[in-house]
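One structure is given here, and the rest of the page talks about it.
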Amino acid sequence: MSVTSTVVPARLGSTPEDYARLGIAHRHIEPREDGMRTDGSPGTFEWWYFDAHLADGAKLVVVFFSKQFTDLKKPLTPVVRIDLTLPDGTTIEKFVEFDADAFYASTETCDVRIGDNVFSGDLHRYTIRAKLDDVEVDITLTGQVPAWRPETGYWFFGDDAEFAWLPSVPQGAVEVTYSSGGQTVTTTGVGYHDHNWGNASMLDLIHHWYWARGAAGPYSVIASYITAQKDFGYETLPVFMLAREGELIGDDGDKVTFEELGRYTDQSTGKPVGNVTRYTYTDGDERYVVTFTRHQDLTAVKFIDDLKGPKKAAARLVGFDGAYLRFTGELRVERYQDGELAESYTDDALWELMYFGKARP
């Protein structure tokens, strides 16, 4: 006797009913959307993310979490993470968990405090300060591209599970002072901030995603390609935002095609990786081709390595092998008009591959 499995739908919330139920407006983002959207209780997750590539060649990532998203059963257990890649390629990773009473977050705007660490702003200008052990950062981020979200910014998986994402600063100017190992540097750069939250484990919802952002010439881009888990039929959910000189010119996911080229298996995580990822956005006679070409791995970690004791043993028992990889390399933005190349710009960029599921054959 054969058994037929039921595929549960996964979709981006985009209907008038979705907007009404969420209490948000189409194309209009309010500061409260970057405030705390969950209560931190078991079954929820939330984080505020910042990254930048700096004029001195350094790369910086700072994240404030309500808890580790691999363990949603926890109550509020705040975490601050700093990943700093120095100009000489040395990578420093700090990850510190705090007590729940060290956490504060406003629901009206982005104002998050974890101990003495601060992540606050108003959809345009942000202050981020964090100190973990001997690594300290003091950041000012000023938006150059307005806050944006793909439709409602909510993806719905079945009837109850949801994952939300708000790129509060798709691109911004950065002023930063960072200290490590007794050395202090003040520099500038180009940065980005987004905010994620949800009410179900991403391990159950999402198989893997590519996510990238960058700027080249007058163009700013955010691009992602999400693949849902098996229960959702490995549904693909493309995300794309392209702005020129700060003005949005394209964000319809239905106009995007995605290519993953030069695939190889990462030796430390065992995950298949595209050496080149390409997003093509076709809008009438115009076609934009956005290509990310990997030059260096900044991070390649298995989530199980962050677990300890019985949880690590249980994860091994069920074969959990989620992984996270972050890359740096070249972003190329090309515009074609009537099939002819009209513009081409290149610059440095950061992107990631988040892999919750097992590698598919």
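Where a number appears in this text, it was derived from the coordinates with a stated rule and is not lab data. Since the model is a prediction, treat every value here as computed from it, not as a measurement. Here Cβ is always computed from backbone atoms with ideal geometry, including for glycine, and neighbour counts include all displayed protein chains.
Results, tabulated for the structure shown:
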item	result
Longest segment of the chain lacking GluC sites (Glu not before Pro) that sit in a DSSP loop with at most 16 other Cβ atoms within 10 Å	109-244
Most mobile listed residue (GLY181, GLY40, GLY143) in the chain, GNM with C-alpha springs under 10 Å	GLY181
Proportion of all alpha-carbon pairs of segment 49-208 beyond 20 Å (%)	53 percent
Subset of LYS67/LYS255; LYS59/LYS358; LYS255/LYS302 violating a 31 Å alpha-carbon distance limit	LYS67/LYS255; LYS255/LYS302
Volume per residue that the Cα convex hull of segment 202-361 spans, once the total is divided by residue count, Å³	124 Å³
Hull volume in cubic angstrom per residue (convex hull over the Cα atoms of the chain)	156 Å³
